[in-house]
Ligand SMILES: CC(C)(COP(=O)(O)OP(=O)(O)OC[C@H]1O[C@@H](n2cnc3c(N)ncnc32)[C@H](O)[C@@H]1OP(=O)(O)O)[C@@H](O)C(=O)NCCC(=O)NCCS
């Protein structure tokens with residue numbers, strides 16, 4: 001999505017930039033939230049109206065930093081909104097928060113944008129907000145998400161077996177955590193394209 005009213009940049013990485021949400025992005029978020037495949041990985045599991053999404057964006061816009069922060073994930077090139085990421089349930093006494101993320105554009109998943117966005121926000125959580133732990137919950141069947149979280153430095157902290165009924169099956173609900181010492185440095189990496197196997201030489205074919 002291109003826009004005449006560019007968003008405010010907040011955290012910049014090599015491939016993505018995290019920006020405060022804009023009211024005008026509500027229809028895009030609503031479309032993503034109503035996508036059935038995405039819903040298999042999120043706690044949210046019912047139709048969501050545009051009005052509800054606008055309300056959610058509005059709340060996010062006015063969320064005090066003592067409670068958390070929700071940002072849009074924008075791709076640099078071509079410059080467009082591709083998802084959202086946020087810290088919520090921030091606890092000032094115990095200095096922890098819960099992270100949520102979604103790359104809304106299905107064809108952009110698995111390209112290591114998620115881990116870049118997470119590294120940026122978690123670095124901010126530790127080095128600016130002075131948090132000491134970030135946690136998240138995800139479903140056990142969400143292998144892509146778990147690979148991404150481990151790549152950032154998360155480790156499993158607990159598991160509720162067969163806790164959630166998703167698309168006709170019971171799934172585990174996994175708690176993951178990261179502390180400042182475990183955050184891996186942000187590397188500007190794109191998923192390498194899988195190399196085609198080299199054509200066999202006549203000699204190799206004969207073996
Ligand atoms: C979870 C999510 C944020 C991760 O972001 P991402 O940019 O897709 O993740 P990354 O590309 O950084 O990492 C994904 C890893 O899983 C791998 N992967 C991709 N598709 C996969 C699949 N279908 N099954 C298993 N692994 C998969 C990738 O190869 C990559 O691993 P690698 O770097 O070791 O090769 C994103 O996929 C997403 O928004 N998914 C839908 C909503 C969702 O699940 N939100 C999280 C709820 S807890």
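Compared with the dominant principal axis of the Cα atoms in the chain, helix 113-127 is inclined by about 50°. To the nearest ten degrees, helix 50-61 and the longest principal axis of the Cα atoms of the chain are 80 degrees apart. Computed packing ranks the peptides 69-79, 38-48 as 69-79, 38-48, most packed first, by mean other Cβ atoms within 10 Å. Residue ranges 152-160, 135-143 sort as 135-143, 152-160 when ordered by packing (mean number of other C-beta atoms within 10 Å per residue, highest first). Note on residue 160/residue 94: beta-carbon distance plugged into 1/(1 + (r/R0)^6) with R0 of 22 Å gives a FRET efficiency of 0.55. Computed over Cα pairs, the Kirkwood radius of the chain leads via Stokes-Einstein (1.567 mPa s, 4 °C) to a diffusion coefficient of 70 µm² per second. Simple spin-label estimate for residue 66 and residue 9 gives 3.2 nm between the two label positions (7 Å along the Cα-to-Cβ direction from each Cα).
Modelled spin labels at residue 31 and residue 106, positioned 7 Å past Cα toward Cβ, are 1.3 nm from each other.
FYI, it's all coordinate maths here, none of it is from the lab. From a predicted model like this one, the values you see are computed outputs, not experimental measurements. Cβ: placed from backbone, ideal geometry, glycine included. Neighbour counts: every protein chain shown.
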